[in-house]
Amino acid sequence: MKKFYDNYKHGLWIIIYMMFYLLGFFILENAEHRHYHVIHSWLDDQIPFCEYFVIPYLLWFVYMVVGVCWFIFRSRDKREYYQLISVLAIGMTIFLVVSCIYPNRQDLRPAVFARHNIFTQMVQMLYAADTPTNVLPSIHVFNSLVMFYAINGSPQFKERRGVRAFSGVLSVSIVLSTMFLKQHSVVDVSLGILLSVAVQMFCEHIFQKQAEGYRKENLRRIY
């Protein structure tokens with residue numbers, strides 16, 4: 001047990017952060033606001049509701065858990081894991097701050113479904129469990145793209161084109177699902193994409209500088 005803890009104790013950081021995030025999200029979801037800013041774009045009205053996208057939307061949870069666990073237990077370079085959780089933590093914290101100072105919601109969900117099948121039943125359960133508040137930027141979009149960046153940036157996946165392709169297709173499907181299920185506005189999705197790119201570039205710069213510092217320090221010790 002001690003050996004297991006010593007080898008994988010770095011995985012505790014994501015658990016600690018998720019406890020903080022979920023507490024913050026719970027407080028925001030249950031806070032009483034006098035006014036919510038409604039997020040809407042004319043493009044939202046052009047996107048039809050499609051219940052079949054509930055599948056990739058729900059696969060997001062599996063995608064994130066399996067992806068993070070892979071970087072904890074299988075990555076040969078712990079810096080990949082630390083960079084991944086740094087990007088996730090920064091972006092998700094920004095989301096909490098935005099939701100706190102700019103309470104927002106969307107009113108895109110259909111009042112009735114044109115069809116009734118197992119997929120619309122799943123959507124109904126999703127709507128019941130997830131309120132249409134605190135949607136900007138989309139965390140579904142942000143996290144999916146960050147995981148895609150991590151997988152495609154890992155040398156261990158360089159020759160595993162199938163895994164990288166699957167990650168790309170799933171990530172794009174999840175992004176689309178947020179709009180086709182009327183869970184998010186095009187505005188939420190666009191800002192989620194921009195946030196993922198900005199935070200990813202920032203963390204890549206920081207970790208690259210850190211790696212260069214380690215290399216210079218090692219060279220000084222050698223010579």
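Every number here is computed from the coordinates shown, using simple stated rules; none is lab data. Values in this document were obtained by computation on a predicted structure and should not be read as measured data. Neighbour counts are summed over all protein chains in view; Cβ atoms, including those assigned to glycine, are modelled from backbone coordinates with ideal geometry.
Couple of notes before you dig in:
- For segment 62-71, 3J(HN,Hα) per residue [Karplus equation, 6.51 cos²θ - 1.76 cosθ + 1.60, θ = phi - 60°, Hz, x = Gly/Pro]: 5, 4, 5, 5, 5, x, 5, 4, 4, 5
- Database remark: amide H of Asn104 closer than 5 angstrom to the amide H of His37, Asn134, Val135 (H placed geometrically; neighbours at sequence offset of 5 or more, or on other chains; Pro and chain starts carry no H).
- Helix 12-29 axis, angle to the chain major axis (alpha carbon atoms, nearest 10°): 20 degrees
- With Cα atoms, 0 to 90° folded angle of helix 139-153 axis to the chain main axis: 30 degrees
- This ranking places Arg105, Arg79 by how few other beta-carbon atoms lie within 10 Å of each, fewest first, which gives Arg79, Arg105.
- Within segment 9-39, chymotrypsin sites (Phe, Trp or Tyr not before Pro) in DSSP loop having at most 16 other beta-carbon neighbours inside 10 Å: Tyr36
- Extension gain from Phe207 to Ala114, taking 0.36 nm per residue of separation minus the Cα-Cα distance: 28.5 nm
- Mean ellipticity per residue at 222 nm, deg cm²/dmol - from DSSP H runs of n ≥ 4 across the chain, formula -39500 (n - 2.57): -23500 deg cm²/dmol
- Segment 1-131 - Rg (one decimal) and Dmax (whole number), Cα, Å: 18.8, 57
- Reciprocal mean inverse distance between Cα atoms of the chain - Kirkwood radius, Å: 19.1 Å
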